[in-house]
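The values are calculated or read from the model by the stated rules, or taken from the named source; none is laboratory data. If you're wondering where the values come from, they're calculated on a predicted model, not measured in any experiment. Virtual Cβ from ideal backbone geometry, glycine too; neighbours counted across all protein chains shown.
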Amino acid sequence: MISAQSVWEDLVKIRERSPLVHNITNFVVMNNTANALLAIGASPVMAHAGEEVEEIAGACGALVVNIGTLNPQWVGAMEKAMLKAREGGVPIVLDPVGAGATSYRLDTVRGLLAAAVPQIIRGNASEISALVSAGTTMKGVDSSLSSDSACGAAKTLSAMHGCVVSLSGETDYIVQGGRLECVRNGHPLMPRVTGLGCTASALSAAFAAVNGEAFAAAAHAMAVMGIAGEIAAREAKGPGSFQVHFLDALYRLREEDIGSLLRAGREAA
Amino acid sequence: MISAQSVWEDLVKIRERSPLVHNITNFVVMNNTANALLAIGASPVMAHAGEEVEEIAGACGALVVNIGTLNPQWVGAMEKAMLKAREGGVPIVLDPVGAGATSYRLDTVRGLLAAAVPQIIRGNASEISALVSAGTTMKGVDSSLSSDSACGAAKTLSAMHGCVVSLSGETDYIVQGGRLECVRNGHPLMPRVTGLGCTASALSAAFAAVNGEAFAAAAHAMAVMGIAGEIAAREAKGPGSFQVHFLDALYRLREEDIGSLLRAGREAA
Amino acid sequence: MISAQSVWEDLVKIRERSPLVHNITNFVVMNNTANALLAIGASPVMAHAGEEVEEIAGACGALVVNIGTLNPQWVGAMEKAMLKAREGGVPIVLDPVGAGATSYRLDTVRGLLAAAVPQIIRGNASEISALVSAGTTMKGVDSSLSSDSACGAAKTLSAMHGCVVSLSGETDYIVQGGRLECVRNGHPLMPRVTGLGCTASALSAAFAAVNGEAFAAAAHAMAVMGIAGEIAAREAKGPGSFQVHFLDALYRLREEDIGSLLRAGREAA
C-alpha cells in the first residue's frame with residue numbers, strides 16, 4: 001500500500017536524479033507536459049522522428065507514448081521507441097487518449113500493445129473501457145463514465161496484458177494482478193483543464209524512472225497529481241489560474257503536504 | 001439583434017450540453033483553444049489524421065478548420081472533415097489564418113471553400129480582405145487594417161459564399177445577406193496574446209453547436225470573447241496574466257456580466 | 001560593449017516597427033515563443049510548409065530555425081527558408097536544440113550550417129559543445145555543462161562559421177571573432193520552464209530585425225531575457241507563476257528597469 005512516506009521518497013529521488021523522460025505525445029499538451037516534468041524535477045525531451053526515437057528511447061529513464069494527436073508516421077515512431085525501450089528495460093507508460101473515439105485510435109492502441117507491453121497503461125474510464133469491450137465508444141477524449149464503473153474493465157485490461165492499469169477519475173484506481181490501490185485526491189477543476197490526464201501519464205513515467213515497482217510508481221504519480229491539484233485549487237479562480245498554481249504546487253510540494261492531504265487505500269471512499 | 005438574454009441562453013446551453021467541438025487547428029494555439037472550449041463548458045477534440053477525421057467530424061457538434069500552420073496532409077484532412085460535416089449537417093467554422101500572407105494559404109482557403117461552404121468564416125480585417133481581393137497581401141498573421149475598413153469586404157465575402165462572415169477587430173462585424181451586427185466589446189491587450197482570434201473561431205463553433213442560427217451563434221461568440229476579455233483586463237498586468245484571467249473569466253461568466261458589459265447593435269460606435 | 005542605453009534603443013525600435021519574425025520552431029514552444037514575441041512588440045508568424053516558407057522568409061524581418069522537434073519534411077523547409085533569407089539579407093538565428101542528444105540532430109544542424117550560415121547560433125553549453133566536438137553527447141535537451149566551461153567551444157564555433165555564437169547559461173557569453181560580451185542576468189527558475197532557451201532565440205531574431213549588428217542584437221536579447229526573468233521571479237511562487245510574470249515583464253519593461261538591473265561586460269562575474 002502506498003503511504004505519504006513512499007510517495008515522498010520517490011519524489012525526492014526524482015528531484016535528485018532528474019531522470020530523462022522521453023515523450024512521444026500529442027501537440028495539445030506538449031508544453032504542459034514538459035513543464036509539469038520540469039516542475040517535479042525530471043528532464044523532459046520530446047522527439048518523434050523515426051530517425052531519432054530509438055537513440056533517445058535507449059538513453060532515457062522512461063518513455064511516454066500518448067496517442068492524443070496521432071498519424072501513421074507518429075505511430076511508426078511510437079512502435080520503434082517502445083521496442084527499443086522494452087529491449088533496454090526502460091519503463092513505458094502508454095496513454096490511450098480517446099481510444100474509444102475512433103476505430104483508428106483503437107486499432108493503433110491494440111497494435112502498440114501487441115508490439116510491446118508497457119509497464120503502465122494510464123487512461124480515463126471511457127478509454128480503459130473501450131480497450132476491453134469494443135462496443136464502448138466515446139465522444140471525443142473526455143470520459144462519459146465514472147471511474148468507479150470502469151474498475152472492472154481496468155482489472156480485465158491488466159490481466160490481458162499483465163501490466164499496471166492506472167484508471168483516473170474522481171477516484172483513481174491502480175490495479176495489477178490481484179492488487180488494487182485507490183487514490184481519492186484531486187479537484188473538480190482538473191477535468192476543466194486540457195491535458196491533465198496526459199500530465200498524469202508523464203508524471204507516472206517520471207516515477208517509474210526512479211521506482212522499479214511500476215504499481216507503486218503509478219500510484220505515487222496519481223497521489224502527487226491529486227495533491228498538487230488540491231493545493232492549486234485553494235487559490236484558483238478558474239481553470240486559468242488553476243494551471244499556474246498547479247505547476248507552482250508541483251514545484252513546491254513538501255513532505256507535510258503529502259502527509260496531510262493523501263487519501264489513499266485499498267478501497268474507494 | 002443579439003441581446004444579453006440571447007447570449008446568456010446559448011452559454012447556458014453550452015454548459016448544459018457540453019457539445020463536442022472537433023478542431024483541426026494550428027500547433028500554436030491547440031492548447032489555448034482546447035482550454036477556452038473547456039472553460040466555457042464545451043468538450044474539445046483535436047484530430048487531424050486522414051484516418052479518423054471523418055469519424056470524428058460525423059459525431060461532433062461542430063467543426064473548426066483553422067489553417068494557421070498548414071501542410072498538404074493537413075489540408076487533405078480538412079477537406080475530408082468538411083465534406084463529412086456538411087453531409088451530416090454539422091456546422092463548420094473556417095478560420096483563414098494569414099490568408100493574405102502566402103499564395104499557398106490563399107489557394108488553400110479557396111480550395112476548401114470550393115469543396116464545402118462553412119456556416120461561418122471568422123477572420124481579421126487583412127484575412128477577410130485578402131479573400132475578396134487577391135491584391136490584398138498581409139505580412140504574417142496580424143492584421144494591418146482596421147475592421148471598419150474591411151466591413152465591405154466582409155459583406156462581399158458573405159454574398160460570394162452565402163455564409164456568415166465574422167470579422168473581428170476593434171469592432172467585430174458579423175454579416176450575412178443584408179444583416180449586420182456589431183460587437184464593440186474587447187480590450188487592446190487581446191491582439192498581444194497569440195491565438196485569441198483562433199479562440200474566437202473555436203467559441204463560434206461551440207455556439208453554433210447549440211444554436212442552429214449561425215448568424216446569432218457567431219455574434220454571441222464574439223460578445224463572450226469581448227466581455228471575458230474586458231473582465232480579464234481588469235486585473236491583468238500584461239499579456240501573461242491576461243491569458244490566465246481570460247480563461248477564469250470564460251469559466252465564471254455570469255448573466256449579469258453580460259447584461260452590464262455587452263455593447264452590441266446594428267452600427268459601429 | 002552593450003549598455004542599458006543600447007538595449008533600450010533596440011527595444012524601442014521593436015515596439016515601434018513591430019518586425020515580422022518567421023519561426024520554424026518546435027511544437028513544444030510555439031505558443032510561448034509567439035507570446036514572447038508579441039509581448040516585446042514583434043509580430044510572430046509560424047510557418048513550416050515547403051509550399052510557403054520561402055514566401056514568408058523573403059518578407060520577414062528575421063528568421064528563427066529551431067530543431068527542437070524535427071523530422072525530414074521540416075528540415076527540408078528549414079533549409080529552403082534559410083537559403084531564401086540569406087539571399088534577401090534577412091538575418092537568421094539557428095537554435096540547435098538537443099544537438100548532442102542524437103546523431104540525427106547533430107547531422108541536421110551540420111547540414112543546415114553547410115547550406116546557409118546564420119547570423120547567430122544560440123544554444124546552451126551542451127549544444128554548443130556538441131557542435132564543436134562530436135564526442136560531446138547530451139541526455140535530452142537540458143545542458144549538463146556550465147556555460148563557463150563551454151566558452152571556448154563557443155569561440156571555436158564562431159570561428160568555424162564566422163557568425164555570432166550566443167551561449168546561454170548562468171552567465172551568457174556572446175562571442176564573435178575576438179569579441180566577447182557577458183550577460184549575468186537571469187534567475188534559477190528559468191531552466192525550470194520549458195522553452196525559455198527557444199524564447200531567447202526568438203527574441204534574438206526580433207533584435208536582429210532592428211539592429212544590423214548581429215553581435216549587439218544577440219547580447220541585447222540575452223539582457224532583456226535575463227532582466228525580465230529577474231523581474232518575473234520577484235513575484236513568482238514557482239515555474240507556473242514565473243511564466244505569467246515573465247510575459248508581463250517583457251511587455252512592461254521600462255528603461256529604468258534595464259538601467260538598474262543590467263549586469264553585462266567583457267568578463268564573467
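Let's see how each residue does on (1) farther than 20 Å from C:N26 by Cβ; (2) more than 8 Å from every other protein chain (Cβ to nearest Cβ); (3) at pLDDT 95 or above:
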| residue | (1), (2), (3) |
| --- | --- |
| B:W8 | yes, yes, yes |
| B:L20 | yes, no, yes |
| B:T33 | no, yes, yes |
| B:L38 | yes, no, yes |
| B:A42 | yes, yes, yes |
| B:A47 | yes, no, yes |
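Is it true that C:G169 is under 15 Å from C:G123 (Cα atoms), more than 14 Å from chain A (Cβ to nearest Cβ) and surrounded by fewer than 24 Cβ atoms within 10 Å (Cβ to Cβ)? In short, yes. The residue that is farthest from B:A42 (Cα to Cα), counting only those in region A:107-140 that are buried (at least 24 other Cβ atoms within 10 Å of the Cβ) and without any contact (Cβ under 8 Å) to a residue 40 or more places away in the chain, is A:L131. Among the residues of region A:212-242, those that are in a helix (DSSP H, G or I), within 14 Å of another protein chain (Cβ to nearest Cβ) and either touching a helix residue (DSSP H, G or I) at 6+ places or on another chain (Cβ under 7 Å) or acidic (D, E) (or both) comprise A:A228, A:G229, A:I231, A:A232, A:A233, A:E235, A:P239, A:G240, A:S241, A:F242. The single condition among (1) closer than 20 Å to A:G238 by Cα; (2) surrounded by fewer than 24 Cβ atoms within 10 Å (Cβ to Cβ) that B:S6 does not satisfy is (1). In this structure, does B:D257 turn out to be closer than 29 Å to A:Q243 by Cβ and buried (at least 22 other Cβ atoms within 10 Å of the Cβ)? No; evaluated as a whole, the condition is false for this residue. Checked against (1) out of contact with any Cys (no Cβ under 6 Å at 6 or more places or on another chain); (2) more than 14 Å from every other protein chain (Cβ to nearest Cβ); (3) modelled with pLDDT of 95 or more, B:G177 meets all criteria but (3). The residues on offer are B:E87, B:E54, and the sole one that is farther than 30 Å from B:R179 by Cβ and out of contact with any Gly (no Cβ under 7 Å at 6 or more places or on another chain) is B:E54. Looking at region C:141-158 only, could you name the residues that are farther than 23 Å from A:M46 by Cα, more than 15 Å from the chain's Cα centre (by Cα) and of a type outside the set (S, T, N, Q)? Result: C:D148, C:A150, C:C151, C:G152, C:A153, C:K155, C:L157. Applying the set (1) among the acidic types (D, E); (2) farther than 28 Å from C:L253 by Cβ; (3) more than 14 Å from every other protein chain (Cβ to nearest Cβ) to B:D257 leaves exactly one unmet item: (3). Looking at this structure, is C:V29 touching a residue at least 12 places away in the same chain (Cβ under 8 Å), in contact with a strand residue (DSSP E or B) (Cβ under 6 Å, 6 or more places away or on another chain) and either crowded, with 24+ Cβ neighbours inside 10 Å or closer than 18 Å to C:A200 by Cα (or both)? When the stated conditions are applied, C:V29 does not pass them. Restricting attention to region B:91-113, and to residues there that are more than 12 Å from chain C (Cβ to nearest Cβ) and not in a strand (DSSP E or B), which single residue is nearest to B:N23 (Cα to Cα)? Applying the filter and picking the extreme gives B:P91.
If the Cβ limit is 6 Å and pairs must be 6+ apart or interchain, which residue in region C:50-75 that is more than 12 Å from B:T102 (Cβ to Cβ) and aromatic (F, W, Y) pairs with which residue that is modelled with pLDDT of 95 or more and in a loop (DSSP other than H, G, I, E, B)? Final answer for the pair search is C:W74/C:H48.
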